[in-house]
Amino acid sequence: MARNGVERAVDVRDLSLTFQTADGPVYALSQVNLEVKAGDFVSFIGPSGCGKTTLMRVIADLEQPTGGNITVNGVSPQEARLARAYGYVFQAPALYPWRSIERNVALPLEIMGLGREERRERARKYLELVNLTGFDKKYPWQLSGGMQQRASIARALCFDPDLLLMDEPFGALDEIVRDHLNEQLLQLWDKTGKTVVFVTHSIPEAVFLSTHIVVMSPRPGRIIDIIESPLPRERPLDIRESPEFLEVAQRVREGLRAGHSYDE
Amino acid sequence: MTAGRLLPLLAGLFTLVALAFSPGGEARWFDGGAGSLLLALVPVFLLLAFWQRGSKAWRGLVYVIVGGIAVFGLLNLLQAGAAGAAGLGFWLYGLGVWAAVWHGVDCLSKAEIASAGWRRGRDLLVPTLFGIWLLVVWELLCRGFGIPQVLLPAPSVIGERIGNSSAMLWADFQQTFLKAVLVGYAIGCGSAFLTAILVDRVPFLRRGLLPMGNVISALPIVGTAPIMVMWFGFDWPSKAAVVVIMTFFPMLVNTVMGLSASGHLERDLMRSYAAGYWQTLIKLRLPMALPFIFNALKINSTLALIGAIVAEFFGTPIVGMGFRISTEVGRMNLDTVWAEIAVAAVAGSAFYGLVALIERGLTSWHPSYRQRS
């Protein structure tokens, strides 16, 4: 599984995070317990404000928890970040417009201090993996939104981290492009054997992609249900019409409904 | 009748009717010389050109060239005695030529040119013609009406002064521009840039230094210039010091703003790669700040020249553009003043243009420059 022998990619125990704001404390995360095994594809799903992005940011050491314990690859999130254990894909591609696609993808390699030849070689390799061969000399603003997001995935993968953290990466794209990228992402996951943590608020997307679906609810942000998908690893797009798929989707929907209060 | 047809018709008619009136003073339309023959042919040619069916580019060129010939004719008339006493014929003819050139430039700017090289040439030609035409109108009005030189010398007079005093103008340019402006600009912008990075790094400096910079920039130049003379002597270093004071604040404020221009996403990205402060600065924040920094560099390129020239009004050795302007005004040598102004205008625009060119090269990715390819 994981190359350093750690079975658990992410281990969260009684985690809570409270933001102090002018209007009083906001309980972004409360008593969260979660275990992500190496090689899993785990999706966080829930309405806005349920803390799914916050939880992901805690894993990435971009946010500090106020209580509980968390380990990433067996160490603290900060140590994991400094060891470049994860690649983060944001909601927007966040490519730097003054860099060509190849130099954008090679950015983390540059920061790690790799040589020019190796950077180029790796960037090309990962651009090929996300089907962007031939676009290396283009600039981000010359590419479509879907291609930009694929380039940002290549950037997150090119330094070969164990973990891939994806925060609604396809949220801004239209449904056809999204379906296509979802399919490609599954192939990528299969090929690379990475552990993927994925944030979304689309039920079909979560069910289609994941081995485990974490259903979350707001105020305070907490986990309602963790569903282990019975679907096989090999998933063509039309699996979404199969009874198993619909059953899982139904369970996710029920979880979301149970956690959602309509009294406001 | 549309404006596109009206202008060329007016050009032909005005120049033709003008021949019936006196050009003024001693000048005659027909004195038998080659110049007067051309003057008489221009209206005929313009009227013929009205029905010409060529491409827009050709039509534009024809009108501009005929207009150019007519301008030479008019200048000849001024030489022949119309200067200061230009009559109805002269001005009517001038209006006709104006209409012809306007129509010519209009055609040129609208022409669809297939070859990229020619199109580039056209894009350069149109503004050049526009500039030349302004000089021509200035020249004709000044000399036609006989405007006193003290009020406004004609461009030819200024040009002559520049030619005759080029050694003096060069010495002034060296003193003011090549020494005071460039040195002051480099020190002012450079130190403000470094200060901005320091201010950005150390939060309490932001609260302390930014208001300080603000206060310094609010100081009146008539107050600081004499003080700088006391501190740094009469020669150019005191002028450079004034330039430093003037250029420091715009650069500081713009760079500080530029350094905070990068979004949370981009910074989180750098953090996720465990990038250090300097890596984030060089690979993300400085490129992001470039448009802001160049804004300041462009503003400062003109501010610096103004500052250096004005500073020379407050004590200077007997050389320098500001010194020359202040003394020659007193001696009523307004043509020299205008010559210095012309040098300052050319130098200032060239400086600005150079900075803008570098900006284009370095920030070609910015939405205001980028092209889809």
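The values are calculated or read from the model by the stated rules, or taken from the named source; none is laboratory data. Predicted model only: the values in this text are computed from it and were never measured. Ideal geometry is used to build each Cβ from the backbone, glycine not excepted, and the neighbour counts take in all protein chains shown. Side chains included, ligands, DNA and RNA excluded: accessible areas come from the protein's heavy atoms. Shrake-Rupley method; radii C 1.70, N 1.55, O 1.52, S 1.80 Å.
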key: Residue that is open to solvent by 40 Å² or more (accessible area, probe 1.4 Å) and under 26 Å from B:V157 (Cβ atoms), where the choices are B:G320, B:G330   = B:G330
query = Quick check, is A:V42 open to solvent by 60 Å² or more (accessible area, probe 1.4 Å) and touching a Phe, Trp or Tyr at 6+ places or on another chain (Cβ under 8 Å)?
reply = no
key: Unique residue being of a type in the set (A, V, I, L, M) and more than 21 Å from B:T302 (Cα to Cα) when the list is B:I227, B:I216, B:I221   = B:I227
task = Working carefully through the options B:V310, B:V319, find the one that is within 26 Å of the chain's Cα centre (by Cα), β-branched (V, I, T) and either assigned to a helix (DSSP H, G or I) or within 14 Å of chain A (Cβ to nearest Cβ) (or both).
result = B:V310
ask   = Which one is farthest from the other protein chains (Cβ to nearest Cβ), of the residues in region A:110-123 that are more than 23 Å from the chain's Cα centre (by Cα) and touching a residue at least 12 places away in the same chain (Cβ under 8 Å)?
value = A:R120
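To keep it simple, each residue is scored yes or no on (1) part of a helix (DSSP H, G or I); (2) more than 14 Å from chain B (Cβ to nearest Cβ); (3) of a type in the set (D, E).
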site	(1), (2), (3)
A:E63	no, no, yes
A:G87	no, no, no
A:P108	yes, no, no
A:L127	yes, yes, no
ask   = Which of the residues belonging to region B:132-188 are among the hydroxyl-bearing types (S, T, Y), touching a residue at least 12 places away in the same chain (Cβ under 8 Å) and surrounded by fewer than 17 Cβ atoms within 10 Å (Cβ to Cβ)?
value = B:S156
query = So how many residues does region A:149-199 have that are β-branched (V, I, T) and buried (at least 23 other Cβ atoms within 10 Å of the Cβ)?
reply = 5
query = Right, B:L357: more than 14 Å from every other protein chain (Cβ to nearest Cβ), closer than 30 Å to A:K137 by Cβ and assigned to a helix (DSSP H, G or I) or not?
reply = yes
message = Just to check your reading of the model, which residue among A:L163, A:L157 is at pLDDT below 90 and under 16 Å from the mean Cα position of the chain (by Cα)?
response = A:L157
Per-region count, region B:243-302, residues touching a Cys at 6+ places or on another chain (Cβ under 7 Å) and facing chain A (nearest Cβ under 10 Å) = 0
note = The residue from B:L124, B:L108 that alone is in the same structural domain as B:G67 (by TED's automatic domain parsing), under 21 Å from the mean Cα position of the chain (by Cα) and more than 30 Å from B:L334 (Cα to Cα) is B:L124
inquiry  = Suppose we filter B:A240, B:A261, B:A275 for residues that are crowded, with 21+ Cβ neighbours inside 10 Å and not in a helix (DSSP H, G or I); which single one remains?
reply    = B:A275
key: Contacts under 9 angstrom Cβ, first residue in region B:7-21 being at negative phi, partner open to solvent by 40 Å² or more (accessible area, probe 1.4 Å) and of a type in the set (D, E), 6 or more apart   = B:L7/B:D106
query = So, of the residues in region A:89-105 that are part of a loop (DSSP other than H, G, I, E, B) and touching an Asp or Glu at 6+ places or on another chain (Cβ under 9 Å), which turns out to be farthest from the other protein chains (Cβ to nearest Cβ)?
reply = A:S100
request  = Take the residues in region A:129-140 that are open to solvent by less than 40 Å² (accessible area, probe 1.4 Å) and not aliphatic (A, V, I, L, M), then tell me which one is farthest from the other protein chains (Cβ to nearest Cβ).
outcome  = A:D136
